[in-house]
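K.L.:
Below is the structure I would like to discuss, written out as structure tokens.
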Amino acid sequence: MEKMGGFWMKKKILSAILGAAMVGCLFVGCGEEATDTAESSAESTQAEADDTAGEASAETSTAELLPGGGSNIIYCITPSTSNVYFKTVQDICTSEGESLGYEVKCFSHDDDAAAQSDLFDQAIADGAAFIVCDNAGADASIEAIQRAADAGIPTFLVDREINTTGVAVAQLVADNAQGAAAIAESWVDAMGYEGKYAELLGLESDTNCQVRSENFHSVIDQYEDLEMVAQQSANWDQTEAYEKTEAILQANPDIKGIICGNDTMACGAAAACKDAGREDMLIIGVDGSDDAAALIKEGRMVGTALQQIAYITQLAVQQGDAYLNGTAPEEEKQLVPCIAITSDNVDNLSSFVYTE
């Protein structure tokens with residue numbers, strides 16, 4: 001029994017040693033596996049973090065390179081839409097902008113530079129992608145446009161220029177000099193190259209007012225028998241033009257014609273002439289509105305110079321979209337030709353669009 005007892009004792013000791021060895025191996029093996037897994041997990045986490053950081057860095061880099069305020073909003077800022085010309089700017093900007101996937105917000109500054117400045121601040125706060133603006137003054141608008149540029153928001157001017165370059169991305173305007181001279185040629189012919197006339201000026205702080213008047217006179221002043229007896233500002237406004245024309249007719253009953261800086265004033269002048277029994281008055285305007293077209297067809301206006309404002313606005317929105325995608329216009333100042341509209345071609349005009 002002692003031998004047997006010794007044998008079993010030895011066996012138990014051996015089993016204990018073997019068991020301990022197996023546990024030790026198992027413990028060591030699990031420890032290595034856990035270490036490998038932890039290291040692998042850490043490497044994976046670090047790789048994911050690096051990727052995320054890389055993506056974030058790429059996104060930040062792209063955002064820094066892209067112009068615009070970061071939103072998908074176009075701001076369209078114009079004078080009062082009581083004038084159908086400016087309503088056309090807002091309508092075309094909205095339709096073209098929405099077709100390109102933008103939200104379009106339209107506002108009127110009413111030719112008030114302070115109100116325009118507030119609207120530019122609103123656009124900046126809204127993170128506008130870009131601004132389409134028919135401005136409230138060639139000098140008074142510069143500061144607001146510069147603030148937008150400093151905020152990374154590009155401005156595309158339509159219809160009216162400003163007296164500097166390098167602030168707006170583009171200034172797209174009708175060739176007012178060419179247009180005013182062209183329709184003045186038709187007017188002097190209708191006047192028979194002689195007679196007294198009056199002029200209604202637009203807003204005198206507006207570059208277009210000066211350019212149109214100067215180029216009316218570049219043609220008219222060649223004929224010494226054409227005499228201007230009155231020149232007054234009606235500030236682009238129809239009611240004011242009516243009132244100024246009434247006064248002019250009373251003071252100068254023998255005038256034959258009236259030249260007007262825009263169609264809105266021409267319509268006001270035509271209404272005053274009709275009420276005074278002077279529907280024979282020879283009147284011209286500039287814009288190319290449907291109201292002017294109707295008066296031309298009735299024989300109450302000689303003609304108008306069509307500014308292709310629908311096309312100009314469409315170009316501004318397209319150029320804004322291209323600019324955000326990395327393509328700037330080749331030139332900042334871009335002139336779009338005007339078309340002289342008379343009874344000969346008025347049927348081709350509709351909604352500021354001329355069709356051959």
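The values are calculated or read from the model by the stated rules, or taken from the named source; none is laboratory data. In this text, all values refer to a predicted model and were calculated from it rather than measured experimentally. Reconstructed Cβ throughout: ideal geometry from the backbone, glycine too, with neighbour counts over all protein chains shown. Ligands, DNA and RNA are stripped out before the accessible areas are found, and what is left, the full protein with its side chains, is counted by its heavy atoms. Shrake-Rupley method; radii C 1.70, N 1.55, O 1.52, S 1.80 Å.
Every residue, every condition in (1) under 16 Å from the mean Cα position of the chain (by Cα); (2) closer than 17 Å to Arg147 by Cα; (3) surrounded by 15 or more Cβ atoms within 10 Å (Cβ to Cβ); (4) at pLDDT 95 or above, yes or no:
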{"site": "Glu59", "(1), (2), (3), (4)": "no, no, no, no"}
{"site": "Thr62", "(1), (2), (3), (4)": "no, no, no, no"}
{"site": "Leu66", "(1), (2), (3), (4)": "no, no, no, no"}
{"site": "Val104", "(1), (2), (3), (4)": "yes, no, yes, yes"}
{"site": "Asp110", "(1), (2), (3), (4)": "no, no, no, yes"}
{"site": "Asp126", "(1), (2), (3), (4)": "yes, yes, yes, yes"}
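K.L.:
For segment 271-278, state whether one or more residues are under 29 Å from Glu356 (Cβ atoms) and among the aliphatic types (A, V, I, L, M).
P.N.:
Within segment 271-278, none of the residues are under 29 Å from Glu356 (Cβ atoms) and among the aliphatic types (A, V, I, L, M).
K.L.:
Scan (1) more than 26 Å from Arg160 (Cα to Cα); (2) open to solvent by less than 30 Å² (accessible area, probe 1.4 Å) for the single condition Lys274 breaks and write down its number.
P.N.:
Evaluating Lys274 over (1) more than 26 Å from Arg160 (Cα to Cα); (2) open to solvent by less than 30 Å² (accessible area, probe 1.4 Å) leaves (2) as the failure.
K.L.:
Can you pull out the residues in segment 128-151 that are over 18 Å from Cys209 (Cβ atoms) and open to solvent by 30 Å² or more (accessible area, probe 1.4 Å)?
P.N.:
Listed by number, the residues that qualify are Glu143, Gln146, Arg147, Ala149, Asp150, Ala151.
K.L.:
Report, by residue number, each residue of segment 304-350 that is polar (S, T, N, Q), under 19 Å from the mean Cα position of the chain (by Cα) and open to solvent by 30 Å² or more (accessible area, probe 1.4 Å). Before the answer, list the steps.
P.N.:
Initially, segment 304-350 is screened for residues polar (S, T, N, Q), giving 304, 307-308, 313-314, 318-319, 325, 327, 334, 342-343, 345, 348, 350.
When the remaining residues are screened for being under 19 Å from the mean Cα position of the chain (by Cα), the result is 307-308, 313-314, 318-319, 325, 327, 334.
Gln308, Gln314, Gln318, Gln319, Asn325, Thr327, Gln334 - these are the residues of segment 304-350 that are polar (S, T, N, Q), under 19 Å from the mean Cα position of the chain (by Cα) and open to solvent by 30 Å² or more (accessible area, probe 1.4 Å).
K.L.:
So, of the residues in segment 161-173 that are out of contact with any helix residue (DSSP H, G or I) (no Cβ under 6 Å at 6 or more places or on another chain) and either without any contact (Cβ under 8 Å) to a residue 40 or more places away in the chain or in a strand (DSSP E or B) (or both), which turns out to be nearest to Ala328 (Cα to Cα)?
P.N.:
Checking each candidate, the answer is Gln171.
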